[in-house]
Amino acid sequence: MRLGACLNQTNIYRNILRIADFLEVDYDETFLRNVESTVTFENLKKEHETRAGETTTWNHHGDNGRMPIYRKGIVGDWKNVFTVSQNEVFDAVYKSKMSDMGVDLDLVYE
């Protein structure tokens, strides 16, 4: 499974349909279109910056408990943060840690 292709922002609605079908839930297009608009990167980031994103659990780590989990939302921007060698180390550690999960994901982040 190519996770990057699955989570591509341009395919949100198609993937919401796939998830609903997989879960065998009844749905109507209006509801799914609402889900689509709610889960865009821009909306999730905006919601995270409101009071709804605050939590006492992480209060000591960030602004009112808001962890810095959203950056630019640009695929491939990791190249501006990681070197090639750092990325190779990350990939190796990720593969090692996830091997016990029994999930074979081909992460695409280009």
Hey, M1 hits all of (1) loosely packed, with under 14 Cβ neighbours inside 10 Å; (2) at pLDDT 70 or above but one; which does it fall short on? (2)
Could you tell me how many of the residues in the range 24-54 are farther than 16 Å from R66 by Cβ, open to solvent by 100 Å² or more (accessible area, probe 1.4 Å) and outside any helix (DSSP H, G or I)? 2
State yes or no: is I12 open to solvent by less than 90 Å² (accessible area, probe 1.4 Å) and either at pLDDT 90 or above or not in a loop (DSSP other than H, G, I, E, B) (or both)? yes
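The values are calculated or read from the model by the stated rules, or taken from the named source; none is laboratory data. Quick caveat, the model's predicted, so the values are computed rather than measured. No Cβ is skipped: glycine too gets one built from the backbone with ideal geometry, and neighbour counts run over all protein chains shown. What goes into the accessible areas is simple: the full protein's heavy atoms, side chains included, and nothing from ligands, DNA or RNA. Shrake-Rupley method; radii C 1.70, N 1.55, O 1.52, S 1.80 Å.
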